[in-house]
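A.B. asks: First the structure, then my questions, so here it is.
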Amino acid sequence: MTDGRRGGAGPGAAGGACLRCGECCRVRGFVRLGAGEADRIAVFLGMDPRAFAAEYARLALDRRSLELGEKENGECVFLLGNECVIHPVKPAQCRAFPDGWRYPGAEEICPACRPGPQKPV
């Protein structure tokens, strides 16, 4: 699924907890940075906010905010193995997944959204 959704922690839409498998961070899409989020991530990484923006973000198409960059394979630039490098300060969009995102097909990406026992893929 490549519809611009990406996220990663909190209870699952099916009532389960996030398994921190990183699958949601492998979906091509975008992660919009809210007010102050670029600065928080930059501080966490020990970077100047402008340097952070130049290296890890891009201007959103509507030119109203920044979005996190992606690796060539579509993964989030901050995904390392199955772990989020910026987990303690990750954007609200990521923290809200999967509960904040109700859409058909979420269970195809997120094991915590699947009915029954929850196991990483």
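A.B. asks: Work out from phi, with θ = phi - 60° and the Karplus expression 6.51 cos²θ - 1.76 cosθ + 1.60, the ³J(HN,Hα) of each residue of region 19-34, listed in order in whole Hz, and give x for Gly and Pro.
C.D. replies: Each residue's phi maps through the Karplus curve to give 8, 6, 7, x, 4, 5, 8, 9, 7, 4, x, 8, 10, 6, 8, x Hz.
A.B. asks: Tell me which of 74, 30, 84 sits at the most positive position along the dipole axis of region 24-121, charges placed on C-beta atoms (Lys, Arg +1; Asp, Glu -1).
C.D. replies: 30
A.B. asks: Taking the dipole about the Cα centre of region 16-121, with the C-beta of Lys and Arg at +1 and of Asp and Glu at -1, give me whichever of 51, 21, 98 is farthest to the positive side.
C.D. replies: Result: 98, furthest along the dipole toward the positive end.
A.B. asks: Counting only residues 5 or more places away or on other chains, whose amide H sits under 5 Å from the amide H of residue 21 once H atoms are built in the peptide plane?
C.D. replies: Long-range HN contacts for residue 21: none found.
Every number in this text was worked out from the coordinates using simple rules, so none of it is lab data. Computed from a predicted model, the values in this text were never measured in an experiment. A quick note on method: Cβ atoms are made from the backbone with ideal geometry, for glycine too, and the neighbour counts reach across all protein chains shown.
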